[in-house]
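First the structure, in the form of structure tokens, and then the observations on it.
The values are calculated or read from the model by the stated rules, or taken from the named source; none is laboratory data. Everything numeric here is computed off the predicted structure, so don't read it as measured data. Backbone-built Cβ (ideal geometry, glycine too); neighbour counts: all protein chains shown. Areas reflect the complete protein model, heavy atoms only, side chains present, ligands, DNA and RNA absent. Shrake-Rupley method; radii C 1.70, N 1.55, O 1.52, S 1.80 Å.
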2 protein chains.
Amino acid sequence: MQLDDLPTPALLLDLGRLEGNIARMAARTQALGVRLRPHVKTHKCLEIAERQRAAGAVGITVSTVYEARTFAEHGFDDITWAFPLVPSRLPEAVQLSAHCRLGLVVDSPEAVAALRTSGRPLDAWLKVDCGYHRAGVDPADPASVGLARDLHDTPAIRFRGILSHSGHAYHGHTRHEIEAAANEERELMTTFAAKLRAADVPVPDVSVGSTPAMAVVRDLTGVTEVRSGNYVFYDYTQLALGSCGPGDCAVTVLATVVSGRRGASFSVIDAGALALSKDRGPEHLDRHTMGELVADYATGRLDPARRVVSVSQEHGVVNAPLAVGSRVRILPNHSCLTAAQFDTYQVVRDDEVVDCWKIWRGR
Amino acid sequence: MQLDDLPTPALLLDLGRLEGNIARMAARTQALGVRLRPHVKTHKCLEIAERQRAAGAVGITVSTVYEARTFAEHGFDDITWAFPLVPSRLPEAVQLSAHCRLGLVVDSPEAVAALRTSGRPLDAWLKVDCGYHRAGVDPADPASVGLARDLHDTPAIRFRGILSHSGHAYHGHTRHEIEAAANEERELMTTFAAKLRAADVPVPDVSVGSTPAMAVVRDLTGVTEVRSGNYVFYDYTQLALGSCGPGDCAVTVLATVVSGRRGASFSVIDAGALALSKDRGPEHLDRHTMGELVADYATGRLDPARRVVSVSQEHGVVNAPLAVGSRVRILPNHSCLTAAQFDTYQVVRDDEVVDCWKIWRGR
């Protein structure tokens, strides 16, 4: 099938770019001396995770129990559920841990207490706040050492190490600021690991990561693994942050111009919030967008004058009067949220649709 | 099962409130002398559409071919696809129209030309812009009369009438402004219908609607049907607009507090963008929110000091230090987008989970 034959809206995945992104991150982590445990919440797709594993990934990272179960049932046997433990999900996690090596993440005494009730030995990571200020313990707080010690001392818990996410790298305005966030993460994490070891709490692993940080960081001494996810696709946010080039962006939404009021300066496409999501992209970089129109797909060049300026449930509004019936390709602001709105990837090489891969977007 | 036993995040649907909302809108449309063809994109759920039909709905409205096919396959035989015709979806629509009465919507010469190629008689509505300025022809443009005439004159097309959506009612600051939008819609549509009839183009039906407009409009003379959808659930946006009371909101997200940094002023819950969506709600009414915490479910009273202030993929951040392990119920900003992120409704009466209904969220 050719691209022109696809009904819209469709989620296109460029196979060549995907393979390039996977190979480059594998090479980069190898050069930095760290293992890669990619976050599959970005793609929720078995075929992509299999390619990451073939390129050397040591396991995968997931954000929900549904994702953990899906990938475990399809042969992935080393999984970190990188989300603060949800007590009501513990029975499912315990059940899964009989079939795969499942790492859980905790950052509170309440969660450690819940783990103790599981009735089964479980792997656990301590989540550390490395400057993003969302989840995670404060590495400067003495109580954080106590919590790590509790994990290590509890017979029913296998303490795997410490884990962080440099989400604040997404807030950087310049390469310099993003690199500062990446360095802050490494510094805080390796210092905290040293503090734990000095207090006789062994720390097997130090796990970090975000795609922007991995794009710029030059030294990961003391870190053992990274968990980037978005790098398989990239998106407009990553492009604006400088994490990738325009020709690396592997996911676009194919849409049709379905309406254009006579004399109006805008037109309407069949890709709205349930195709693109309502993510506003890198707002701190000062460009209001709900999605960017690709002007030349071969180079990835965007059209500086045309973009999706608003979305409702199924409608998108483009700030230009395009011909009704014509088609556009949109680079989404946030490829993870965009992919989660679709059932399948239409896998393409140039203008040919070569495959169709399922997106496991259950809850 | 009791509410306390549900794993989180979960989408809760209050059966009593749902039934009340359906009954009240049925009574209201009857009192106004118009038929009701509810938009099922809000709920994507057979059990809810069946209740709307039992309460007198004459048919349903959908926004995608997937929705049309799903409901047609489950016994709904009068469906309007209220979205400007997507040419690449026409073959699917033609196929469906053999099994149900399917109304298509057009607003351009290009779409009318596409209809002529279908090889099968099709029902078509002309979409009219009633002040929202998204899709639809300009009723003041003489070319719009010509387009209606083309629809009427084409043997392969059954012209059903004119159709509008008062989406600009969502932009109102006061009841007065919302009522003005509703009146503008009725005025423009009935005037345009009269103009067409004077030009010897019969207009069988005049279809309008939005939930905020239907909450305030007092006169629908000349209108034959309305297509509101959101009223089955309502949400924080509708509450802020005055379309409903707090005790009418039928959908909430049940979430768990999973993390709270010691000494921090915030906490983290397991409901992020893939539970609540990234809809920012009624921003023009000046309250930054990604979701509102319900303080007292029985009355629907919100907590004025606590709300979800940011969401990433699976994390939500609440602007208060809540106890880790405690649970919250969140009133979403936009119930349509929230429901579209889940696979099922957990149907509840008070604290009891009485049923589980599938959400047909395919594309």
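Side notes on the structure shown:
- Pick from segment A:159-189, criterion among the polar types (S, T, N, Q) and farther than 22 Å from A:Leu85 by Cβ, ranking: surrounded by the fewest Cβ atoms within 10 Å (Cβ to Cβ): A:Thr174
- Among the residues of this structure, B:Val105 does not count as one that is modelled with pLDDT of 95 or more, closer than 17 Å to B:Arg158 by Cβ and assigned to a loop (DSSP other than H, G, I, E, B).
- Hits in segment A:268-280 (condition: buried (at least 24 other Cβ atoms within 10 Å of the Cβ) and of a type outside the set (A, V, I, L, M, F, W, C)): A:Asp270, A:Gly272, A:Ser277, A:Asp279
- Scanning segment B:101-145 for residues that are more than 10 Å from every other protein chain (Cβ to nearest Cβ) and among the hydrophobic types (A, V, I, L, M, F, W, C) turns up B:Leu102, B:Leu104, B:Val112, B:Leu115, B:Leu122, B:Ala124, B:Trp125, B:Leu126, B:Val128, B:Cys130, B:Ala140, B:Val145.
- Exclusive hit being away from chain A (no Cβ under 13 Å) and open to solvent by 10 Å² or more (accessible area, probe 1.4 Å), set B:Ala323, B:Ala298, B:Ala264: B:Ala298
- The listed residue being of a type in the set (Gly, Ala, Ser), under 23 Å from A:Ala135 (Cβ atoms) and open to solvent by less than 10 Å² (accessible area, probe 1.4 Å), out of B:Ala340, B:Ala255: B:Ala255
- Residue satisfying all of: in segment A:75-87; closer than 24 Å to A:Cys45 by Cβ and of a type outside the set (D, E, K, R); farthest from the other protein chains (Cβ to nearest Cβ) among these: A:Gly75
- Just so you know, in segment A:303-335 the residues that are of a type in the set (A, V, I, L, M, F, W, C) and out of contact with any Phe, Trp or Tyr (no Cβ under 8 Å at 6 or more places or on another chain) include one that is nearest to A:Glu283 (Cα to Cα), and it is A:Val308.
- Of the residues screened, B:Leu90 is not one that is touching an Asp or Glu at 6+ places or on another chain (Cβ under 8 Å), within 13 Å of chain A (Cβ to nearest Cβ) and touching a residue at least 12 places away in the same chain (Cβ under 8 Å).
- Restricting the first member to segment A:18-38 and to residues that are modelled with pLDDT under 95, and the second to residues that are of a type in the set (Ser, Thr, Tyr), no beta-carbon pair is closer than 7 Å while six or more apart or on different chains.
- Against the test of being crowded, with 18+ Cβ neighbours inside 10 Å and of a type outside the set (Ser, Thr, Tyr), the options B:Ala148, B:Ala156, B:Ala198 yield a single qualifying residue, B:Ala148.
- Meets criteria (within 23 Å of A:Gly167 (Cβ to Cβ) and not in a strand (DSSP E or B)) for A:Gly119: no
Conditions (1) of a type in the set (Asp, Glu); (2) open to solvent by 20 Å² or more (accessible area, probe 1.4 Å), marked per residue:
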site	(1), (2)
B:Ser88	no, yes
B:Glu92	yes, yes
B:Val106	no, no
B:Ala111	no, no
B:Arg116	no, yes
B:Gly119	no, yes
B:Leu122	no, no
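- Here B:Met189 meets each of (1) under 19 Å from B:Gly172 (Cβ atoms); (2) in contact with a helix residue (DSSP H, G or I) (Cβ under 9 Å, 6 or more places away or on another chain) with one exception, condition (2).
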